[in-house]
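I have placed the structure first, in the form of structure tokens, so that the comments after it can refer back to it.
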Amino acid sequence: MRYKAHGLLESLRYASAGIYFMLRTQRNMRTHVAVGFCAFALGIWLAIKPLELSAIALTSSLVVICEMFNTAVENAVDLATHRRHPLAKAAKDVAAAAVLIAALTAVVVGALLLGPPLYARILEWLAR
């Protein structure tokens, strides 16, 4: 059975189904999306520059995208074999490592961009 979109609306329907599947079945995806939205909202509240807000959005999106590819790799490996195999393990481990690196990068970017203005707001609030 092949799933091939024959038009833009059908393509969007398949993509929406993928997003829905991820949010419904993957706890880490829900966590990444929630943290990304919180970081973006914090950036808006702190009134950081648009370019900095873009960096927050891009790194958050990168984490979500990596999580999607990780799930795709895991599902494809599970479909291909139900037996333990070193190459299957390596594929899953590498995909998970990509998510980890993306998440750590997002934390660093968030700390660099949100940390100083947040620290200044906290000091301002404490000074009252």
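Some notes on this structure:
- Elements of type helices (runs of 4 or more DSSP H) contained in region 14-128, each with 3 or more residues being polar (S, T, N, Q) and either closer than 30 Å to Lys4 by Cα or touching a helix residue (DSSP H, G or I) at 6+ places or on another chain (Cβ under 7 Å) (or both): 50-80
- Subset tally (residues that are crowded, with 17+ Cβ neighbours inside 10 Å and of a type in the set (Gly, Ala, Ser)) for region 46-60: 2
- Only one entry in Ala39, Ala97, Ala15 is under 17 Å from the mean Cα position of the chain (by Cα) and surrounded by 13 or more Cβ atoms within 10 Å (Cβ to Cβ), namely Ala39.
- Flag for Thr71 being among the hydroxyl-bearing types (Ser, Thr, Tyr), within 18 Å of Ala15 (Cβ to Cβ) and surrounded by 19 or more Cβ atoms within 10 Å (Cβ to Cβ): yes
- Residue check, Val64 in contact with a His (Cβ under 7 Å, 6 or more places away or on another chain), surrounded by 12 or more Cβ atoms within 10 Å (Cβ to Cβ) and either over 25 Å from Ala15 (Cα atoms) or touching a residue at least 12 places away in the same chain (Cβ under 8 Å) (or both): yes
- Selection of first residues in region 107-126 that are closer than 10 Å to Leu46 by Cα and of second residues that are surrounded by fewer than 11 Cβ atoms within 10 Å (Cβ to Cβ) and not polar (S, T, N, Q), restricted to Cβ pairs under 6 Å at least 6 apart or on distinct chains, gives an empty result.
- Out of Pro50, Pro86, one residue alone is over 30 Å from Leu118 (Cα atoms) and either of a type in the set (Lys, Arg) or out of contact with any Asp or Glu (no Cβ under 8 Å at 6 or more places or on another chain) (or both). It is Pro86.
- Of the residues making up region 39-83, those that are within 19 Å of Ala111 (Cβ to Cβ) and either of a type outside the set (A, V, I, L, M, F, W, C) or at pLDDT below 95 (or both) number 7.
- Test: residue in region 113-121 that is at pLDDT 95 or above, within 20 Å of Thr31 (Cα to Cα) and crowded, with 16+ Cβ neighbours inside 10 Å: yes
The values are calculated or read from the model by the stated rules, or taken from the named source; none is laboratory data. All values derive from a computational prediction rather than experimental measurement. Cβ coordinates were reconstructed from backbone atoms using ideal geometry, including for glycine residues, and neighbour counts include every protein chain displayed.
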